[in-house]
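Taking it in order: structure first as structure tokens, then the write-up.
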Amino acid sequence: MRMYDIIMKKRNGGELSTEEINFFVEGYTKGEIPDYQVSALMMAVYFQKMTEQETLALTMAMADSGDTLDLSEIQGIKVDKHSTGGVGDKTSLALAPMAAACGIPVAKMSGRGLGHTGGTIDKLESFPGFTTALTRRQFVENVNRIGVAIMGQTADLAPADKKLYALRDVTATVDNMSLIASSIMSKKLAAGADAIVLDVKTGSGAFMKKEQDARALAQEMVKIGKNAGRRTIAVISDMDQPLGYAVGNALEVKEAIETLQGKGPADFVELCLTLGSRMLMAGGKADTAQEAKERLRKVIADGSALKKLAEFVEAQGGNADAVYNMGLLPAARIVRPIPAPVSGYINHITCDEVGICSLILGGGRETKESAIDLSVGLVLCKKSGDYVEAGEPLAMLHANDETRAEEAANRYLKACSIADTPRERTDFIRGILE
């Protein structure tokens, strides 16, 4: 088998066999096939697309290219949740303890953030002492004992995907639906869950800006999951403005805790209930979405979801007292309002620009080596459709540096447009694919 023939076959619109895909993935991962040949193949794929069978074969080859997590020792049906990412997306912080309190074992691998805010791991490190550096044995024991554990993603999980994505990033071949879907799903399949619930974002703060693209990606990932023998469900949700009100690591942790106390923002609660209901159904804990949502509401109302968060934090070395006393979480030195320049209705908040504000304040990473300030960020006071009086705060800024605070405040003002009439409200959940 020669790489030259594989490139030419795909260039001419042919369908690659599973053996041909395995050959190039294995050879590239080992360094036996050069970048320039794989670049040529990725460009051929970009223009000629991939069939359903090719996409599955690529996903499985990347999933099998390194370590895979064996979760067979964990009791029950393991359900993983994945989000395509956005601004203020702290869903796992509330949803994992909610699902665990309902009897769904949550064994999750998460990464650190590169961009406007930290990833799930960075946010959890707002709890003093918290660590995701668990051995596989500790990970399994924690899930069996308390129902939830989150560990850092190993470097050897789907290494072919990391290498291939880095190449696609510099050769203008990222934007292909099959390649995007296989990249995401290879890591999910390698992580060993029995079922996968996907939160696919759409809007100005999402990777997929257009709803039709988000829907196409969701369909592609559901097909891959089902073809790989995993129950897979996708929820398409709005990311045209930040999720909830808090943007920033410790601030998002506080909002997740408030949600588990029954005081969460409406959009965030709706998302947790929608995703959580699908997790419960996939895990055999409920027959209908309505029944599942009632169970999730119950574990919030009776305090068992909040207690589960405290157990989870303590089991991973963190100070569980911070769950009940949020004053123990990191707090910024400067807290000041961003006043509205005029009166009117919030017409639009450019979501990715709000993320940049958090990055300016130090809440995210510009490079992998950047240090994150867990205390900084923004808490929105008004969202799209709300009325604001001139001088009223649009958001509260949490900062540790005056210069950065001023820059972020000016940027936030430019991200908000105010109109004389209210905008038409749209559905927050745009669709569910099962």
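The values are calculated or read from the model by the stated rules, or taken from the named source; none is laboratory data. Predicted model only: the values in this text are computed from it and were never measured. As a convention, Cβ positions derive from the backbone with ideal geometry for all residues, glycine included, and neighbour counts pool all protein chains shown. We work out accessible area using only protein heavy atoms, side chains counted, and drop any ligands, DNA or RNA first. Shrake-Rupley method; radii C 1.70, N 1.55, O 1.52, S 1.80 Å.
Details
- Of all residues making up segment 202-217, the number that are touching a helix residue (DSSP H, G or I) at 6+ places or on another chain (Cβ under 9 Å) and either closer than 19 Å to T91 by Cβ or open to solvent by less than 10 Å² (accessible area, probe 1.4 Å) (or both): 8
- Single match in A395, A409 (criterion: of a type in the set (G, A, S), under 17 Å from Q241 (Cβ atoms) and not in a loop (DSSP other than H, G, I, E, B)): A395
- Candidates A301, A289, A320, A310 - the one that is more than 21 Å from the chain's Cα centre (by Cα) and more than 20 Å from I146 (Cα to Cα): A289
- If you go through segment 229-246 and keep only what is within 17 Å of K81 (Cα to Cα), open to solvent by less than 10 Å² (accessible area, probe 1.4 Å) and in a strand (DSSP E or B), you end up with T232, I233, A234, V235, I236, S237.
- Residues of segment 129-148 that are touching a strand residue (DSSP E or B) at 6+ places or on another chain (Cβ under 6 Å) and under 16 Å from A96 (Cα atoms): T132, F139, N142, V143, V148.
- Looking only at residues of segment 265-320 that are touching a strand residue (DSSP E or B) at 6+ places or on another chain (Cβ under 6 Å) and either aliphatic (A, V, I, L, M) or part of a helix (DSSP H, G or I) (or both), we find that the one that is surrounded by the fewest Cβ atoms within 10 Å (Cβ to Cβ) is T274.
- Evaluated against (1) open to solvent by 40 Å² or more (accessible area, probe 1.4 Å); (2) touching a Leu at 6+ places or on another chain (Cβ under 6 Å); (3) of a type in the set (A, V, I, L, M, F, W, C), A405 falls short on exactly one condition, (1).
- Qualifying residue in segment 144-153 (condition: open to solvent by 20 Å² or more (accessible area, probe 1.4 Å), closer than 24 Å to L271 by Cα and among the basic types (K, R)): no
- One residue stands out in segment 84-112 among those that are within 15 Å of the chain's Cα centre (by Cα) and surrounded by fewer than 20 Cβ atoms within 10 Å (Cβ to Cβ): the one that is farthest from R278 (Cα to Cα), namely R112.
- A193 meets the conditions (1) under 18 Å from the mean Cα position of the chain (by Cα); (2) open to solvent by 10 Å² or more (accessible area, probe 1.4 Å) in every case but one. The failed one is (2).
- Qualifying residues in segment 321-349 (those that are buried (at least 20 other Cβ atoms within 10 Å of the Cβ) and of a type in the set (V, I, T)) - the one nearest to E255 (Cα to Cα): V323
- Counting residues in segment 15-30 that are within 25 Å of T154 (Cα to Cα), acidic (D, E), in contact with a Gly (Cβ under 8 Å, 6 or more places away or on another chain) and open to solvent by 70 Å² or more (accessible area, probe 1.4 Å) gives zero.
The rows are residues; the columns are (1) at pLDDT 95 or above; (2) in contact with a helix residue (DSSP H, G or I) (Cβ under 6 Å, 6 or more places away or on another chain).
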{"residue": "A133", "(1), (2)": "no, no"}
{"residue": "N144", "(1), (2)": "yes, no"}
{"residue": "V174", "(1), (2)": "no, yes"}
{"residue": "S183", "(1), (2)": "no, yes"}
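- Inter-residue pairs, beta-carbon under 8 Å, first assigned to a loop (DSSP other than H, G, I, E, B) and in segment 55-78, second at pLDDT below 95 and open to solvent by 80 Å² or more (accessible area, probe 1.4 Å), 6+ apart: G66/D156; L69/R136
- Among the candidates K81, K10, the residue that is part of a helix (DSSP H, G or I) and either buried (at least 22 other Cβ atoms within 10 Å of the Cβ) or without any contact (Cβ under 8 Å) to a residue 24 or more places away in the chain (or both) is uniquely K10.
- Extreme residue, least open to solvent (accessible area, probe 1.4 Å), among residues of segment 31-54 that are touching a Ser or Thr at 6+ places or on another chain (Cβ under 7 Å) and outside any helix (DSSP H, G or I): M50
- Flag if I334 is β-branched (V, I, T), under 21 Å from L397 (Cβ atoms) and touching a helix residue (DSSP H, G or I) at 6+ places or on another chain (Cβ under 9 Å): yes
- Test: F47 is closer than 21 Å to L157 by Cα and among the aromatic types (F, W, Y): no
- Inspection of segment 364-382 finds a residue satisfying the criterion of being aliphatic (A, V, I, L, M), surrounded by fewer than 17 Cβ atoms within 10 Å (Cβ to Cβ) and free of Cβ contacts under 8 Å to residues at least 40 places away in the same chain.
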